[in-house]
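Student: I have a structure I would like to understand better, so I am pasting it below and will then ask my questions one at a time.
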Amino acid sequence: MVISLKKAQKKKKQIKNIDIKNILNKIIIFIKKYYYVLLLALPFILIDLFTRYKVKFYGLLKPVPNLFTIIWITFLLGISLYPKKKTGKIIYSIIFILSLAIYLVNNVYFSMTGVFFDFSMVLLAGEGSEYLIDAIKNCDISVYLFLIPIFITFFLALKVYPNNEKRNYKRFLYPFIVFIVLHTITPFFLGKANEELTWSTWRNPRNIYNSFNDNNKSMTVTGIYEYTVRNFYITFLKNKNTTNEEDITFLKEEYSKEVNKTKNKYTGKYQDNNLIMIQLEGLDSWLINKNDTPTIYNLMKNSINFTNHYSYYNGGGSTFNSEFAVNTGFITPLSYTQNAYTFNKNSFPYSLAHLFKEQGYTVNAFHMNTKEYYSRGTNYKNWGYDNYYGLVDQNTYKDNSYYLDRELLLNEEFKEKMFSSEKFVDYIITYTNHMPFNPEKGNCKMLLDLDSKENENTSYDLTEEDCARRQAKETDYMVELLISELKTREILDKTTIVVFTDHYLYTLSDKTILDKYKNTSNNLINHTPFFIYTNNKDKKTIKTVTSQLNILPTVLNLFGIDYNPNYYIGEDALNNNYQKIVFFSDYSWYDGNVYVDGGLVTNNRYIKPDLLEQKNYYVNYLIKKNDLTLKYNYFKDIEKDSQWVF
């Protein structure tokens, strides 16, 4: 009996060995038969991996983004393998070219801005189209080096392309079925989304996939092909007008709150003064100094100076985003994709212009660019401005001299419109400190050409940093002309000047320049100037954190204009009860002490755990209020009644 048992075990082992051999043989036969599929897929796999590795949020080997990539490649290969060989190779090559274009657009854009490309940027193409060559030239060299293995695998794939004599519907049908099934279920592998408002919502992979508002995180969670298709869908096709009853309930409760608005020692301090808002193009904090910008530096040192101020940068349209924030008290949505300038049908009855016009002011905006750019003409009219004036719209310039900020004051027609009434608000947007920062072209060359007329020894041997400083000096010259004009008209004492920068100088090609002057390791890179000048009065340094969202309520209080604090996202930064916090597009935040990213302190500072939790929640609450108010155009339903008391 023992012998029989041993024989049975031996036989079973032999069968097992035979089965394993058979399986291995079948696998080898399958690989030999279909190895070309792997080679056909390889260039597309490399395109994905060489893009995703840049952001460390979600591991490169995580299953979901790789699964998305595999099922998209399977689907695309199914399309190319369906027809006969000649037609199939053409289709395969076209798919490769499109994929290569997606790779280059995303990686060049990431190299320049630190953010992956978004289809909403297509609508802003005019902002940077003329500098495309510079972006390509200054792109991270690794982007081009990675093209070598991508092209090698592509040509290898063409060599092994199968010789189809006739159409094989199975080669398309099976991948299509697999694609539909897997694409439907793959998002579930990201886990469950947070339905409630919690601090961790926006580091939850499923929430990131659902909202798709953070380009970098979305890319790492989905892979380049799913990212491209879903971003296109979110931007152009998804219905953004669906109503969620929970959202409406949240807004009704939020805006029905009774607010007790208290006065402070700054309330009405500049009542009935003229107001000039100067939005500086790219004039980063390190450019405000005695040598490069002496006039602006002097104003800042004799003003209410907010030394811990941060602008919002989200990868595109950041100039107009600042205009939107300062004029309306809201920012570009963070939980869904929609450009700020597209809210021109929304109601903003409590905007800067509307409230000042109620006080008898004329309110006008001045810039070099046309009113069609960013739909500024439509937006400024919607915000309540009397006019938006663009130097280009005058059709009097035969060259690009209107790029120089001095023209905002030297142009007689513009100058007269700025000071056309007894009580006025002027919103001035500068331009000269815009890319490229190159002595051979753009604004830098134009300025050097002007310098050479006065000094024949003018050097054109300037670095990118030198050009940025020279271009900043031109903006300073405009401010000098403005102060001179106010003195000439004897209205300087009756004018308050609010100065702030739209965004940090992210348009520099050489990012090491910023490393010398700023903390570039996180969103504190967004540190920019903000000060309020009234002819040397009220010299004071404010060290608490502020952002563009604080500017409007702070100005309204200084001018004694009655407003409901609940109708804005930010608060009066001069109020003692101000909740000192700024947040950024990736939901990180800073309160002047701790910098928090993903709900965790990352700058080695201490905060009590319960306070950390409270502030994490508060940031998410503010973003929810901001985004839903804009999404549902909620102010159209709010009557202008006094729901607050002094």
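The values are calculated or read from the model by the stated rules, or taken from the named source; none is laboratory data. This one's a predicted model, so the numbers in the text were calculated from it and none came from an experiment. Cβ: placed from backbone, ideal geometry, glycine included. Neighbour counts: every protein chain shown. Heavy atoms of the whole protein, side chains included, go into the accessibility calculation; ligands, DNA and RNA do not. Shrake-Rupley method; radii C 1.70, N 1.55, O 1.52, S 1.80 Å.
Student: Measure nothing but the geometry: give the 0 to 90° angle between the long axis through the Cα atoms of 548-558 and the longest principal axis through the Cα atoms of the chain, rounded to 10°.
Tutor: The answer is roughly 20 degrees.
Student: To continue, here is another question. Roughly how large, in nm² to one decimal, is the mean projection of the convex hull of the alpha-carbon atoms in the range 335-433?
Tutor: Averaging across all directions leaves 7.5 nm² for the Cα convex hull.
Student: Same structure, new question: Mind checking the full-extension length gain between residue 290 and residue 621? Use 0.36 nm per residue of separation minus the Cα-Cα distance, one decimal, nm.
Tutor: 115.0 nm
Student: With 25 Å as the limit, write out which pairs from 217/631; 357/417; 269/636 have Cα-Cα distances beyond it, or answer none.
Tutor: Correct reply: 269/636.
Student: Need one value: the accessible area of residue 258 in square angstrom, 1.4 angstrom probe, rounded to the nearest 10.
Tutor: It works out to around 150 Å².
Student: A follow-up question, please. Please report Rg over Rh for the range 486-533, where both radii come from the alpha carbon positions and Rh follows the Kirkwood definition.
Tutor: Rounded to two decimals, Rg over Rh is 1.22.
Student: Under a straight-distance cross-link criterion of Cα-Cα below 14 Å, which aspartates and glutamates are reachable from residue 85, leaving out those fewer than 8 residues away in the same chain?
Tutor: Residue 85 reaches 165.
Student: Given points 7 Å out from each Cα along the Cα-Cβ axis, report the residue 372 to residue 136 separation in nanometres with one decimal.
Tutor: Result: 2.5 nm between the two label points.
Student: Which residues' amide hydrogens lie under 5 Å from the amide hydrogen of residue 542, considering only partners 5 or more residues apart or on another chain, with H built in the peptide plane?
Tutor: Close amide H contacts, sequence-distant or interchain: 305, 306, 307.
Student: Plugging the Kirkwood radius over Cα pairs into Stokes-Einstein for the range 490-591, at a temperature of 25 °C and a viscosity of 0.890 mPa s, what D comes out in µm²/s?
Tutor: Taking Rh from Cα pairs, D becomes 157 µm²/s.
Student: To check you understand DSSP bridge types, tell me what percent of the beta bridges within the chain (both residues inside) are antiparallel, rounded to 5.
Tutor: DSSP beta bridges in the chain are roughly 35 percent antiparallel.
Student: Moving to a separate point now. Which value in nm describes the separation of the simple spin-label points at residue 144 and residue 244, placed 7 Å from the Cα toward the beta carbon?
Tutor: 4.5 nm
Student: Would you mind putting 622-629, 393-400 in packing order, based on average other-beta-carbon counts within 10 Å, highest first?
Tutor: Top to bottom by mean Cβ count within 10 Å: 622-629, 393-400.
Student: Would you kindly calculate the translational diffusion coefficient of the range 208-256, applying Stokes-Einstein with the Kirkwood radius from alpha carbon pairs, for 4 °C and a viscosity of 1.567 mPa s, and quote it in µm² s⁻¹ without decimals?
Tutor: Taking Rh from Cα pairs, D becomes 104 µm²/s.
Student: Turning to a different aspect of this structure: As an exercise, use a Förster radius of 51 Å and the Cβ-Cβ distance of residue 601 and residue 459 to find the FRET efficiency, rounded to the nearest 0.05.
Tutor: 0.60
Student: Could you work out the helix-only [θ] at 222 nm for the chain, with each DSSP H run of four or more residues adding -39,500 (n - 2.57) and the total divided by the number of residues, to the nearest 500 deg cm²/dmol?
Tutor: It comes out at -14500 deg cm²/dmol, rounded to the nearest 500.
Student: Using the structure shown, list the pairs from 580/608; 301/473; 543/615; 381/615; 345/625; 290/537 with a Cα-Cα distance above 25 Å, or answer none.
Tutor: 381/615
Student: What whole-number value in cubic angstrom gives the convex hull volume per residue for the C-alpha atoms of the chain?
Tutor: Convex hull volume per residue, Cα atoms: 219 Å³.
Student: Using a 1.4 Å probe on the protein heavy atoms only, what accessible surface does residue 104 show? Give it in Å² to the nearest 10.
Tutor: Rounded to the nearest 10, that gives 50 Å².
Student: Using a cut-off of under 16 Å, list every residue of the range 235-267 whose amide N is near the label point 7 Å from the Cα of residue 637 along the Cα-to-beta-carbon line.
Tutor: What the label zone holds, given the 16 Å backbone N cut-off, is 241-257.
Student: For residue 547, list long-range residues whose amide hydrogen, built 1.01 Å from N in the peptide plane, is under 5 Å from its own amide hydrogen.
Tutor: Sorted by chain and number, the residues that satisfy this are 310.
Student: Going toward the positive end of the dipole of the range 428-478, with +1 on Lys and Arg Cβ and -1 on Asp and Glu Cβ, which of 460, 430, 475 do you reach last?
Tutor: Going by the charge dipole, the pick is 430.
Student: Moving on. Relative to 2.2 N^0.38 Å, what does the C-alpha radius of gyration of the range 235-316 come to as a ratio? Two decimals please.
Tutor: Against the empirical 2.2 N^0.38 Å value, I get 1.79 for the range 235-316.
Student: What is the set of long-range amide H partners of residue 560 at a cut-off below 5 Å, with H atoms built 1.01 Å from backbone N?
Tutor: For residue 560, the qualifying residues are 268, 269, 270.
Student: Give me the one-decimal nm value for the distance between modelled label points at residue 302 and residue 610, 7 Å along each residue's Cα-to-Cβ direction.
Tutor: 4.9 nm
Student: OK, next. Need the list of aspartates and glutamates near residue 511 for cross-linking: C-alpha distance under 13 angstrom, and skip anything on the same chain fewer than eight residues off.
Tutor: 140, 464, 465
Student: Now a separate question. Going by average Cβ density within 10 Å per residue, which order do the peptides 507-515, 275-283 take, highest to lowest?
Tutor: Result, highest mean first: 275-283, 507-515.
Student: Give the list, by residue number, of cysteines in the chain with no other Cys Cβ closer than 4.7 Å, or say none.
Tutor: By the Cβ distance rule, which asks for a partner under 4.7 Å, the isolated cysteines are 139.
Student: Could you tell me the calculated FRET efficiency between residue 488 and residue 449, based on Cβ-Cβ distance and R0 = 25 angstrom, to the nearest 0.05?
Tutor: After rounding, the FRET efficiency stands at 0.30.
Student: Mind jotting down the three principal axis lengths of the range 294-352 based on Cα atoms? Whole angstrom, largest first.
Tutor: Projected onto its principal axes, the Cα set of the range 294-352 covers 40, 28, 18 Å.
Student: Compute the FRET efficiency between residue 517 and residue 176 as 1/(1 + (r/R0)^6), taking r as their Cβ-Cβ distance and R0 = 60 Å, and round to the nearest 0.05.
Tutor: Once the sixth-power term is evaluated, E becomes 0.65.
Student: Quick one: order 354, 309 from most to least accessible surface, probe 1.4 Å.
Tutor: Accessible-area ranking of 354, 309, largest first: 354, 309.
Student: Round to the nearest 10 and report in Å² the accessible area of residue 470, as given by a 1.4 Å probe over the protein chains' heavy atoms.
Tutor: Residue 470 exposes around 40 Å² with every protein chain in place.
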